[in-house]
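Remarks on the structure that follows.
The values are calculated or read from the model by the stated rules, or taken from the named source; none is laboratory data. In this text the structure is predicted, and so the values were computed from the model without any measurement. Please note: Cβ atoms are built from the backbone with ideal geometry, for glycine as well, and neighbour counts cover all protein chains shown. All accessible areas refer to the heavy atoms of the entire protein, side chains included, with ligands and DNA or RNA removed. Shrake-Rupley method; radii C 1.70, N 1.55, O 1.52, S 1.80 Å.
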Amino acid sequence: MQPAATPRILIVDDDRALCRLLAEYLQREGFMVDMSHDAETALVQLRNPTLRPDLLILDVMMPGRDGLDTLRELRMQHRLPVIMLSAKGEPVDRVIGLELGADDYLSKPCLPRELLARVRAQLRRNTPATAANLQVGTLRLQPGDRRAFIGEQELVLTGAEFQLLLTLAQRAGELVDKASLTRIALGRELERFDRSIDVHVSRLRHKLAEASAQSPRIESVRGSGYLMIASAP
């Protein structure tokens, strides 16, 4: 068996001192880390298969093209997990970032240990699973290669969206509370006023409905959580 490749992380932030601090910390924890201080350089690296990272840490506020515009563009081609950083930490920034396809979000300044925990959680959730394929109505999930289909049409999902969809499908017909979904799909505990799961569910609903009117539905139970219901044939 070949040893697992060292995960490669790209940090994109115009704060050079912070980049160095986070890079040194993550390198000590066994990661390969690249740094970029502007969006254009980062997008060039993402187009290079030999330099493409396994995970992206992306600052929201940067000169020129900001992090949200960068995220919008990269999501047209790449599914790699993205953790957004923002000095503002405003709820609206968090929601917009998640709506554009970020997998997770941290406010700056953040503790390197917390960022490390988020990085490891996202990488675990983007590692091929060994679970058997799963069918719920027209939805077919292949955990081994993290692919999802409605009929023969493949859904384009981020890592967090796939894990959330898999969790709901594994418990189809059962209510799954938001705390459990946050823990399983995002790899962290639910925070106060945290709407991350709600935003991910909103994106999933849109993608399922766009794929087919016969897609399973994700129903909400106010104040409790979500459940998946297979549509009648």
Got at least one residue in segment 49-67 being over 21 Å from the mean Cα position of the chain (by Cα) and free of Cβ contacts under 8 Å to residues at least 24 places away in the same chain? yes
Show the residue pairs that are 6+ apart or on different chains and have beta-carbon atoms under 9 Å apart, the first residue being within segment 31-42 and at negative phi and of a type in the set (Val, Ile, Thr), the second being in a strand (DSSP E or B) and open to solvent by 20 Å² or more (accessible area, probe 1.4 Å). Val33/Arg8
Which one of these is of a type outside the set (Gly, Ala, Ser), without any contact (Cβ under 8 Å) to a residue 24 or more places away in the chain and buried (at least 18 other Cβ atoms within 10 Å of the Cβ): Arg146, Arg125, Arg118? Arg146
Of all strands (runs of 3 or more DSSP E) completely enclosed by segment 147-233, which ones contain at least 1 residues that are β-branched (Val, Ile, Thr) and within 20 Å of the chain's Cα centre (by Cα)? 217-221
Name the residue that is surrounded by the most Cβ atoms within 10 Å (Cβ to Cβ), counting only residues in segment 45-62 that are of a type in the set (A, V, I, L, M, F, W, C) and more than 13 Å from Gln77 (Cβ to Cβ). Ile57
Just one listed residue, out of Thr138, Thr167, Thr130, is farther than 26 Å from Asp15 by Cβ and modelled with pLDDT under 90, and it is Thr130
Of a type in the set (A, V, I, L, M) and within 27 Å of Leu26 (Cα to Cα), is that true of Ala160? yes
Tally, over segment 127-174, of residues that are more than 20 Å from His206 (Cα to Cα) and aliphatic (A, V, I, L, M): 4
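What number of residues within segment 100-112 are closer than 19 Å to Leu190 by Cβ and either of a type in the set (Asp, Glu) or surrounded by fewer than 20 Cβ atoms within 10 Å (Cβ to Cβ) (or both)?
Keep residues of segment 100-112 that are closer than 19 Å to Leu190 by Cβ, which gives 102-107, 110-111.
Next cut, either of a type in the set (Asp, Glu) or surrounded by fewer than 20 Cβ atoms within 10 Å (Cβ to Cβ) (or both) only: 103-104, 106-107, 110-111.
Of the residues in segment 100-112, 6 are closer than 19 Å to Leu190 by Cβ and either of a type in the set (Asp, Glu) or surrounded by fewer than 20 Cβ atoms within 10 Å (Cβ to Cβ) (or both).
Take the residues in segment 177-202 that are basic (Lys, Arg) and under 21 Å from Asn126 (Cβ atoms); name whichever of them is least open to solvent (accessible area, probe 1.4 Å).
Of all residues in segment 177-202, those basic (Lys, Arg) come to 178, 183, 188, 192, 195.
Then keep just the ones that are under 21 Å from Asn126 (Cβ atoms); that gives 183, 188.
Values: Arg183: 104, Arg188: 20 Å².
Among those that are basic (Lys, Arg) and under 21 Å from Asn126 (Cβ atoms), it is Arg188.
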Give the number of residues within segment 1-44 that are under 17 Å from Arg113 (Cα atoms) and open to solvent by 70 Å² or more (accessible area, probe 1.4 Å). 7
